[in-house]
Every structure is written in C-alpha cells, then in structure tokens.
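Asks: Just passing along the structure, written as structure tokens.
The values are calculated or read from the model by the stated rules, or taken from the named source; none is laboratory data. A quick note: this is a predicted structure, and the numbers were derived from the prediction, not measured. Cβ coordinates were reconstructed from backbone atoms using ideal geometry, including for glycine residues, and neighbour counts include every protein chain displayed.
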C-alpha cells in the first residue's frame, strides 16, 4: 500500500499544536469535521477513526476522496521535541494505480499536505507568540 508523508517543524508546544491540529477548520482550507452530519463538501467527507490524546495522533479516512484512490487512511501526529517545539507528521496510505503514484505524491504531498502543514505551523506559532506577549508573523503593531 503506497504511503505519502510530510513533516514540519513547529515553534510552539506540542500540546497547543495538538489542540489546534484536531480542528481542521482553523488551519486546513478544505477539511472540516462536524459531529453527526456531513462533515464537509461531498468530495471531502472526513470520518475520524481514532483520536489519541496520549500519543497526539488523529487518524481519519475519506470514504470518497477527490483523487483516484481507495481504502484511504490518513494520520496526523504531533511529536514533542522540546518544551516549546514539536514536529507534525501527516501521512496517508491508500490503494491506487501504481502508474499515478508520482501524481499523487505531488498533489497530496506537495499541494495539500505541505501547504496545510505550513498553515498549521503558522497558526500555532502565532497563537503561541500571542499567549507569550510576543509580536507574531504579520503583526505590525510593534513597529
């Protein structure tokens, strides 16, 4: 089963990043999770399979993904590095035609995972900076 994965460094505490990572609407432009209803637009229905606060891991699937894949399962994991830094890894496993893995690597890995992880890192770092009274990225009030 193919696996696509991306990882990013975040300059914010793991617990704070984990809390943010669980609410896609705060950092992912197209995924939302709503209890008990259609969770997003029809092409992006997300079903949470497991959530583990102890390991800071969220596993979900997309029953009808917008890519030519099946048996999709993705995991977002937040790993503490130091008191105020962590890594976030986002990976997906699925079945697909072996001839299109390169396309999926670009579309899922680069166009979705990397961009969304950058948004998550920026949101978490800005939230952390604000909680510490530090001017965050894009804040010009201190200038």
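Asks: Which condition does residue 41 not pass, out of (1) under 16 Å from residue 123 (Cα atoms); (2) at pLDDT below 80; (3) loosely packed, with under 15 Cβ neighbours inside 10 Å, if it passes all the others?
Replies: Unmet condition: (1).
Asks: Of all the residues that make up region 1-22, how many are over 13 Å from residue 117 (Cα atoms) and under 10 Å from the mean Cα position of the chain (by Cα)?
Replies: 0
Asks: Now, a different point. Checking the structure you have, find out if any residue of region 15-23 is assigned to a loop (DSSP other than H, G, I, E, B), at pLDDT 90 or above and either closer than 19 Å to residue 127 by Cβ or in contact with a helix residue (DSSP H, G or I) (Cβ under 9 Å, 6 or more places away or on another chain) (or both).
Replies: Of all residues in region 15-23, those assigned to a loop (DSSP other than H, G, I, E, B) come to 22-23.
From what is left, the residues that are at pLDDT 90 or above are none.
Taking every residue of region 15-23 in turn, none turns out to be assigned to a loop (DSSP other than H, G, I, E, B), at pLDDT 90 or above and either closer than 19 Å to residue 127 by Cβ or in contact with a helix residue (DSSP H, G or I) (Cβ under 9 Å, 6 or more places away or on another chain) (or both).
Asks: Now, a different point. Looking only at residues that are in contact (Cβ under 8 Å) with a residue 24 or more places away in the chain and not in a loop (DSSP other than H, G, I, E, B) in region 65-79, which one is nearest to the chain's Cα centre (by Cα)? Before the answer, list the steps.
Replies: First, pick out the residues of region 65-79 that are in contact (Cβ under 8 Å) with a residue 24 or more places away in the chain: 65, 67-71, 73, 76, 78-79.
Cutting the leftovers down to not in a loop (DSSP other than H, G, I, E, B) gives us 69-71, 73, 76, 78-79.
On the way: 69: 19, 70: 20, 71: 19, 73: 13, 76: 6, 78: 10, 79: 13 Å.
The residue in question is 76.
Asks: Out of everything in region 94-110 that is within 16 Å of residue 64 (Cα to Cα) and crowded, with 16+ Cβ neighbours inside 10 Å, what residue ends up being modelled with the lowest pLDDT?
Replies: Once the filter is applied, the top-ranked residue is 108.
Asks: Can you find a residue that is at pLDDT 95 or above, within 18 Å of residue 60 (Cα to Cα) and in a strand (DSSP E or B) anywhere in region 80-87?
Replies: No, region 80-87 contains no residue that is at pLDDT 95 or above, within 18 Å of residue 60 (Cα to Cα) and in a strand (DSSP E or B).
Asks: Filter region 45-58 for residues that are modelled with pLDDT of 95 or more and surrounded by fewer than 17 Cβ atoms within 10 Å (Cβ to Cβ); which is nearest to residue 86 (Cα to Cα)?
Replies: 55
Asks: Could you please find all residues in region 120-132 being assigned to a helix (DSSP H, G or I) and exposed (fewer than 14 other Cβ atoms within 10 Å of the Cβ)?
Replies: The first filter runs over region 120-132 and keeps only residues assigned to a helix (DSSP H, G or I), leaving 120-131.
Of everything in region 120-132, those that are assigned to a helix (DSSP H, G or I) and exposed (fewer than 14 other Cβ atoms within 10 Å of the Cβ) turn out to be 130, 131.
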